[in-house]
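Any read-out appearing in this document is the output of simple, stated calculations on the displayed coordinates, not a laboratory observation. A quick note: this is a predicted structure, and the numbers were derived from the prediction, not measured. Glycine also receives a Cβ, built like all others from the backbone with ideal geometry; neighbour counts cover every protein chain displayed.
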Ligand SMILES: [Zn+2]
């Protein structure tokens, strides 16, 4: 009889496991300034290959323990963040900030809590409500599908506590100051400032090298206003939700994109053009961003959204 022996089956299984481990993606820590690190995510959608990890994760070492800003888009990502942190600190993770309710930023909560169940997760009240509600369940399904299960999430792990605009939290001697942006990228964006280090984690209010969606309950003009405020505050380091970090040039360039779309649509709205007629002129106005990710997919959609925003404002 030619049935495969159990040794062959074990060998096949081991082979499959090795392939899986060999394909495990590696994401490294980058030091920003004293006690502040970022794991930069790839600027691509969530896939099986990246295990659902695609955002920028902030890591801050404080006297009381480690604080994480946006622990990634899957339980796998959260566990990966725990592992990277263990290379630079033996202290526990004591707190997590979720900048908004998009799953690519908060689904790593589950991975962190597996190792540190006492870590306290903070978010804006609207973000907490959305994650606890239908949005949370949708993200759970979405990440399961897009990673074909490689994200490893089993449940929604929502924020524990809420913070509103201007709230200040102190961990040891490290001060965190949060800024609520109103309607901007979504309706629940918090930006997290490290007061002494002059570092700002912008969440998706700012992106670099990648054009982002603006939610229906967000606002293009609100996003621009939020960027104006943080430019005015002159931080030393701006860490966008996706893409490379840097100085004020980083938020300034995303503002330039948003403003070019808004001002061009405004101008053409006055000339009574329909939104589909506006697209070629808007493309011209934002041509410097043609090498940014999502350019082909999102500019047209943004024109229609801004058109509606202006139309609503004009009533
Ligand atoms: Zn987002």
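Across the stretch 171-315, the convex hull enclosing all Cα atoms gives 100 Å³ per residue.
Highest mean packing first, where packing is the average number of other Cβ atoms within 10 Å per residue, the peptides 148-156, 133-141, 175-183 line up as 175-183, 148-156, 133-141.
Looking at the stretch 95-248, the pairs of alpha carbons with a distance over 27 Å make up 20% of the total.
Put simply, when 123-132, 243-252 are sorted by average Cβ atoms within 10 angstrom per residue, most first, you get 123-132, 243-252. On the basis of the beta-carbon distance and an R0 of 22 Å, residue 120 and residue 89 show a calculated FRET efficiency of 0.80.
Taking every DSSP helix (H) stretch of at least 4 residues in the chain, weighting each as -39,500 (n - 2.57) and dividing the sum by the residue count yields a mean residue ellipticity at 222 nm of -12500 deg cm²/dmol. For the stretch 253-315, the ratio of Cα radius of gyration to the globular rule of thumb 2.2 N^0.38 Å stands at 1.04.
The orientation-averaged projection of the convex hull spanning the C-alpha atoms of the chain amounts to 19.6 square nanometres. Pairwise Cα separations in the stretch 154-203 fall into 5 Å bins from 0 onward with the following percentages, short to long: 5, 18, 24, 24, 16, 9, 4, 1. In terms of packing, defined here as the mean over residues of other Cβ atoms within 10 angstrom, the peptides 221-230, 303-312 line up highest first as 221-230, 303-312. Distance from the C-alpha centroid of the stretch 261-315 to that of the stretch 35-68: 32 Å, rounded to the whole angstrom. Projected label points at residue 23 and residue 290, each 7 Å from Cα along the beta carbon direction, are separated by 3.6 nanometres.
Counting Cα-Cα pairs of the stretch 106-180 in 5 Å increments starting at 0 gives whole-percent bin shares of 3, 15, 21, 21, 20, 11, 7, 3, 0.
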